[in-house]
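S.K.: Have a look at this one before I ask anything.
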Amino acid sequence: MTESIKELEIKGQHVEASGSFLFGERAKEYATKDKDGNETPGINAIYLGLVQRRTDALLNFWDCATAHVTRFKKSDIQKALAEVIDEKEDTIELIRGAIEVLEGSGYFKQEIRGFWLNVRQGYKQAKAGEGETKEEAREAAKEQAQSLVDMYEAVMDPAKEEEAMK
């Protein structure tokens with residue numbers, strides 16, 4: 001089984017990722033807006049990116065997770081991440097560690113729970129797009145939600161990932 005990585009060496013300094021109040025403050029920089037102007041809080045955008053295994057989400061996570069220490073340049077964080085990725089030849093341990101930090105943080109437990117509640121319940125409020133019925137929109141949204149749950153489970157449970165790769 002692969003381990004979770006929750007510590008990096010950045011510019012010669014060992015830094016443990018922290019899901020602290022300062023993480024949340026810095027995460028505001030990563031909030032996004034959709035085409036309708038609805039805002040996704042930065043913590044949710046980072047968390048979703050991690051579940052989707054996006055490398056840019058790792059960079060954003062570590063930018064926020066080191067806020068309790070100092071403000072490292074993104075290029076220094078990228079270099080530290082690249083060293084780990086090159087050594088491990090994968091990002092899964094970094095992604096799993098980042099998700100564990102967020103889910104284990106008292107600061108973000110309720111936000112993460114709310115995120116998953118929205119994923120599981122959001123399809124009920126799906127709006128029909130052009131050329132589709134409301135039921136078709138709901139079914140598509142439900143499938144998308146299940147896909148996200150499946151991605152999460154594969155990241156967090158290596159056995160499920162192995163099974164999916166067969």
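Each value in this text was obtained by applying a stated rule to the coordinates, not by laboratory testing. Not measured: the values here are computed from a predicted model. Because the Cβ atoms are built from the backbone with ideal geometry, glycine has one as well, and the counts that use them run over all protein chains shown.
S.K.: Report the residue, chosen from Leu59, Leu94, Leu102, that carries the largest GNM mean-square fluctuation when the chain is represented by alpha-carbon nodes joined by springs under 10 Å.
M.R.: Highest fluctuation among the options: Leu59.
S.K.: About the Cα centre of segment 7-165, how large is the charge dipole given +1 on each Lys and Arg Cβ and -1 on each Asp and Glu Cβ? Please answer in debye to the nearest 20. Working shown, then result.
M.R.: Values: 22 positive and 32 negative charges, 161 e Å.
Dipole size: approximately 780 debye.
S.K.: Considering Cα pairs under 8 angstrom that are at least six residues apart, work out the relative contact order of segment 7-165 and quote it in whole percent. Spell out each step's value before the answer.
M.R.: Numbers: 173 pairs, mean separation 33.3, N = 159.
Contact order relative to length: 21 percent.
S.K.: So, one more: Under a 10 Å cutoff between Cα atoms, tell me which one of Gly106, Gly37, Gly49 has the largest fluctuation in the Gaussian network model of the chain.
M.R.: Looking only at Gly106, Gly37, Gly49, the biggest GNM fluctuation is shown by Gly37.
S.K.: Exposed loop sites here are GluC sites (Glu not before Pro) in DSSP loop states with at most 10 other C-beta atoms within 10 Å. What is the longest stretch of the chain lacking them?
M.R.: The segment 4-88 is the longest one with no such site.
S.K.: Express the C-alpha Rg of segment 7-165 as a ratio against the empirical globular expectation 2.2 N^0.38 Å, rounded to two decimals.
M.R.: On the way: Rg = 17.1 Å, N = 159, 2.2 N^0.38 = 15.1 Å.
Dividing the Cα radius of gyration by 2.2 N^0.38 Å gives 1.13.
S.K.: Also: Can you give me the distance in nm between label points at Glu139 and Glu25, each placed 7 Å from the Cα along the Cα-to-Cβ direction?
M.R.: Placing both labels 7 Å beyond Cα along the Cβ direction yields 5.0 nm.
S.K.: OK, next. Spin-label point model (7 Å from Cα, Cβ direction): what's the Asp86 to Tyr107 distance in nm?
M.R.: Once both label points are built, they end up 3.1 nm from each other.
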